[in-house]
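The values are calculated or read from the model by the stated rules, or taken from the named source; none is laboratory data. These numbers come from a predicted model, not from an experiment. Here the Cβ positions follow ideal geometry from the backbone for every residue, glycine too, while neighbour counts run over all protein chains shown. Surface accessibility is based on the protein's heavy atoms, side chains included, excluding ligands, DNA and RNA. Shrake-Rupley method; radii C 1.70, N 1.55, O 1.52, S 1.80 Å.
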Amino acid sequence: MSLLIRGCTVINHDHSRQADVLIDGETIATVGASIDPPAGCEIIDAGGCYVMPGGIDPHTHLELPFMGSVSADDFEWGTKAALSGGTTMVVDFCIPDPGQSMLAAYQDWRRKSEKAASDYGFHMAVTSWSKQVHDEMEIVVRTYGINTFKHFMAYKGALMVNDDELYNSFARCAHLGALPMVHAENGDVVARMQEALLVRGISGPEGHAFSRPPEVEGEATNRAIMIADMTGVPLYVVHTSCRESHEAIARARAAGKRVHGEPLIQHLLLDVREYAHHDWDHAARRVMSPPFRDKQHQDSLWAGLQSGSLQVVATDHCSFTTAQKRGGIDDFRKIPNGTGGLEDRMPLLWTAGVNTGRLTKEEFVAVTSANIARILNIFPRKGAVAPGSDADLVVWDPAARKVISAKNQLSRIDYNVFEGFACAGLPIATLSRGKIAWRDGDLRAEKGDGRYVERPAFSPVHVANSTWKDLTAPRAVPRGAIVP
Ligand code: URP
Ligand code: ZN
Ligand code: ZN
């Protein structure tokens with residue numbers, strides 16, 4: 001089965017050109033001028049449109065059990081929402097309960113993700129430290145094709161890990177050729193500030209933001225960067241939301257450290273005033289960690305994307321219904337943390353980034369797809385419009401418009417934090433491995449169409465006979481840490 005997209009401009013992260021795109025089965029066969037369609041070839045006339053690599057959202061929580069609730073969008077509806085907005089792959093966080101086997105958690109996530117309509121991968125969370133965790137990390141990398149490990153420096157008493165655990169896990173990542181990721185907030189300080197706010201009678205959603213100021217994020221980001229450096233491993237900082245954290249990352253990069261930063265579309269566009277809204281539901285629906293910030297932080301994040309010191313725009317899609325949010329009606333600490341965005345990330349970023357001149361079209365592709373494909377070691381299979389790449393593509397009409405409304409969304413929740421935002425520039429078709437998954441409002445992708453994407457370790461650092469107790473094993477990575 002072949003498909004030809006013709007008359008378009010192809011945008012990659014490093015160049016653009018007028019070209020047709022011929023797809024053979026699941027992959028791109030040719031990108032070139034005036035391609036003759038083979039017999040029986042389906043044709044999409046895309047005059048006036050751009051063809052770009054499908055978006056990759058490296059930060060989702062679909063059907064995640066979290067804070068006494070389960071996030072409302074599962075792998076079926078999360079990925080369908082993604083496809084309708086031009087995103088063709090999500091990377092979700094497989095999160096073992098502290099003490100639970102990573103292997104068991106992986107099986108849970110594989111079961112939940114059988115419903116996925118788009119391609120997907122996993123990061124694995126390290127939520128405690130033990131010999132079992134140490135040993136299972138190798139299986140996760142070598143057998144399951146997961147090359148990223150997430151660490152929560154917040155959520156004290158639940159998912160949080162301490163510096164000792166961070167050091168052990170980061171060093172293990174260095175040894176395995178894996179990339180550690182951090183949710184960087186100082187969870188001890190957040191817990192103290194939460195208690196102090198409640199003592200002063202502040203129990204509403206505004207207390208959530210007061211308890212998590214930029215300082216707790218900046219401190220944790222700096223700490224994670226230093227620990228990563230001492231263990232000789234690169235670092236990926238998820239949901240970078242503030243100037244302090246961005247500056248820590250930019251400083252580290254200027255010093256030659258391999259540190260990546262990921263702002264969310266929410267932090268780029270929504271601000272802290274949302275938590276002061278007179279309607280409790282409105283404010284609570286926007287409770288997420290880190291919280292939204294004020295304009296100076298948003299400006300810093302945009303500058304980071306423009307200058308390259310921040311590399312990826314994600315969503316952290318973790319949606320809860322209003323009813324679920326009301327679990328924290330008397331105490332902001334109990335409001336399930338998380339917001340949506342999968343459906344809207346690409347149109348919003350195009351509107352606020354490309355249409356304003358902040359980002360070029362190529363930079364848009366870089367921060368929505370190509371950069372994360374490179375960081376996750378799946379480029380150019382994903383993240384490129386090039387012969388041999390998976391035909392995960394979005395046909396983009398820069399003249400198409402819509403106003404975001406929960407009434408029209410695929411996400412299963414009853415509101416949209418971007419309600420009323422006007423978007424100029426939208427997908428008119430999304431292709432997932434050569435198949436039209438969504439076109440002009442018609443969702444064609446089906447539950448189960450998605451495939452699990454394995455990601456190989458980075459320049460594998462095999463250390464012969466490494467054992468739990470062997471603190472002196474040599475390894476082939478820069479900077480000198482002691483490897484457990
Ligand atoms: O508030 C958020 N971000 N919820 C999802 C879990 C996390 O911290 O990423
Ligand atoms: Zn987080
Ligand atoms: Zn998250």
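Couple of notes before you dig in:
Matching residues to (1) surrounded by fewer than 16 Cβ atoms within 10 Å (Cβ to Cβ); (2) at pLDDT 95 or above; (3) within 14 Å of ligand 3 (Cβ to nearest atom):
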| position | (1), (2), (3) |
| --- | --- |
| Glu247 | no, yes, no |
| Arg251 | yes, yes, no |
| Ile265 | no, yes, yes |
| Arg293 | no, yes, no |
| Phe332 | no, yes, no |
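- Residues in the stretch 26-53 that are out of contact with any Leu (no Cβ under 9 Å at 6 or more places or on another chain), among the hydroxyl-bearing types (Ser, Thr, Tyr) and not in a loop (DSSP other than H, G, I, E, B): Thr27, Tyr50.
- In a residue-by-residue description of the stretch 398-418, the property of being of a type in the set (Lys, Arg), open to solvent by less than 60 Å² (accessible area, probe 1.4 Å), outside any strand (DSSP E or B) and under 16 Å from Ala82 (Cβ atoms) applies to no position.
- Residue in the stretch 380-394 that is in a loop (DSSP other than H, G, I, E, B), small (Gly, Ala, Ser), surrounded by 24 or more Cβ atoms within 10 Å (Cβ to Cβ) and within 16 Å of ligand 3 (Cβ to nearest atom) present: no
- Among residues of the stretch 231-245 being touching a helix residue (DSSP H, G or I) at 6+ places or on another chain (Cβ under 9 Å) and in a loop (DSSP other than H, G, I, E, B), the one that is most open to solvent (accessible area, probe 1.4 Å) is Pro234.
Residue-by-condition table, conditions (1) of a type in the set (Ser, Thr, Tyr); (2) within 19 Å of Ile249 (Cα to Cα); (3) within 16 Å of ligand 2 (Cβ to nearest atom):
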site	(1), (2), (3)
Arg293	no, yes, yes
Thr351	yes, no, no
Glu362	no, no, no
Val365	no, no, no
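- A search for C-beta distances below 8 Å between a residue of the stretch 63-83 that is within 13 Å of ligand 1 (Cβ to nearest atom) and any residue that is open to solvent by 10 Å² or more (accessible area, probe 1.4 Å) and assigned to a strand (DSSP E or B), counting only pairs 6+ apart in sequence or on different chains, returns Glu63/Val70; Leu64/Val70.
- Residues (more than 12 Å from ligand 3 (Cβ to nearest atom), open to solvent by 10 Å² or more (accessible area, probe 1.4 Å) and on the phi < 0 side of the Ramachandran plot) located in the stretch 55-73: Pro65, Ser69, Val70, Ala72
- Residue among Arg17, Arg6 that is away from ligand 1 (no atom under 16 Å from the Cβ) and free of Cβ contacts under 8 Å to residues at least 40 places away in the same chain: Arg17
- Cβ pairs under 8 Å, 6+ apart, first in the stretch 257-271 and in a helix (DSSP H, G or I), second acidic (Asp, Glu): Ile265/Asp344; Gln266/Asp316
- Some residue of the stretch 96-103 being modelled with pLDDT of 95 or more, within 16 Å of ligand 2 (Cβ to nearest atom), crowded, with 18+ Cβ neighbours inside 10 Å and assigned to a strand (DSSP E or B): no
- The stretch 149-168 - residue that is within 16 Å of ligand 2 (Cβ to nearest atom) and not in a loop (DSSP other than H, G, I, E, B) and, of those, farthest from Val233 (Cα to Cα): Met160
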